[in-house]
Amino acid sequence: MTPFPPARILAIETSCDETACAIVENGRALLASTVASQMELHARFGGVYPEVASRQHVLSIVPVVEQTLAQANITLNDVDAIAVTRGPGLAGSLVVGMNMAKGLALGLNLPIVGVNHLEGHIYSAWVYQADEAVPPEPQFPLMALLVSGGHTELNLMTDHLTYKRLGSTLDDAAGEAFDKVARLLDLPYPGGPSIQKVAERGDPARFKFPRARLDSPYDFSFSGLKTAVLYTVTDLKKKSKYLPVEDIAASFQAAVVETLFEKTMQAAREFGAKEILVAGGVSANRALREAFQSQTEFKVNIPALSLCTDNAAMIAAAGYYRYALGHISGMEMDVQPAWVLSD
Ligand code: KG4
Ligand code: ZN
């Protein structure tokens, strides 16, 4: 039983290139979720083009909210609070979601809650479909590995909404490394799923790419790995027309997965975590999921595949706990494009 009051949250997420809305009950039961992806629009640029993203949000936001209400089979009068991603993300994209959320809150006279996008990723791990059996509640302290396109960090979570950041990336985020290496290999955007796909036919032991050794054990660095892949590609291209893309992708993926897995396990041991949580776009990666799921030392919680990449269900989930614990934002709330989770 949840110690928190019952509430139905409608959330909006427009931090990057997905226009998303969702309705979640009591922080976990998902009634409806809509994600309008702009992936095809940005694929031709090889990455997200901010100006194009914000203009597309303007076009998509109203239909996405209407579709979500229809899917949940409720009206706006059945909603108790509005949650919205406040940051981190692209300023021009965040503003569109923020204004829509403020408009709804103002028009319906409802409280509005600003949510950190990374906190949303964490809470995605406890969301379940409303017609499914209820999975277990989180056990604190837990070790949360956040791996997305913009962030890679390890956070010790000691209670709801309480985080201590142990380390983060010194250069590229894990997802960013996947995207950049995919570009080196002429694989389509977004790079993560493309690398995973070709890596499945490759030999992960063919190339021994470096694993960064850092003074701070819980920080990450992927730029050296990316450069090593670049040198290997340049070298191989000089020798032959044929590039073993599958083996390079598999060896690169193995290096990233090993680093993320080993550091998380070490941190979980050191801080006496009761469980491990892995979230963010890169948590969709099959090799990473398998690495965590095949160990037996810690209970592991990874979101459903549909909730790994950006969505609004995660914002509604985190927004519920903020709402329930009295963290209500005001109409004067601004977006925070570089909002650190542990602030
Ligand atoms: O969380 P997310 O959707 O957006 C941000 O908050 O950044 O993460 C997107 C990132 C991209 O870099 C994408 O390449 C990566 O997640 N990603 C993956 C996979 N699916 C998405 N990386 C590795 N394997 C995947 N299957
Ligand atoms: Zn994200």
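The values are calculated or read from the model by the stated rules, or taken from the named source; none is laboratory data. Source: prediction; values computed, not measured. Note: ideal-geometry Cβ built from the backbone for every residue, glycine included; neighbour counts use all protein chains shown.
Of note:
- Test: residue in the range 157-179 that is within 10 Å of ligand 1 (Cβ to nearest atom) and more than 18 Å from the chain's Cα centre (by Cα): no
- All helices (runs of 4 or more DSSP H) inside the range 223-338 with 3 or more residues being over 30 Å from residue 8 (Cβ atoms) and in contact with an Asp or Glu (Cβ under 8 Å, 6 or more places away or on another chain): 245-270
- Filtered residue count, the range 132-191, keeping only those that are in a strand (DSSP E or B) and surrounded by 19 or more Cβ atoms within 10 Å (Cβ to Cβ): 16
- Residue list for the range 17-44, restricted to those being in a loop (DSSP other than H, G, I, E, B), touching an Asp or Glu at 6+ places or on another chain (Cβ under 9 Å) and over 20 Å from residue 125 (Cβ atoms): 17, 38
- Filter pass, residue 21 being out of contact with any strand residue (DSSP E or B) (no Cβ under 7 Å at 6 or more places or on another chain) and under 19 Å from residue 87 (Cβ atoms): no
- Within the range 275-296, if we keep just the residues that are hydrophobic (A, V, I, L, M, F, W, C) and in contact with a Lys or Arg (Cβ under 9 Å, 6 or more places away or on another chain), the residue that is nearest to ligand 1 (Cβ to nearest atom) turns out to be 278.
- Remark: residue 309 matches the filter, which requires a residue to be under 30 Å from residue 26 (Cβ atoms), within 13 Å of ligand 1 (Cβ to nearest atom), at pLDDT 95 or above and among the hydroxyl-bearing types (Ser, Thr, Tyr).
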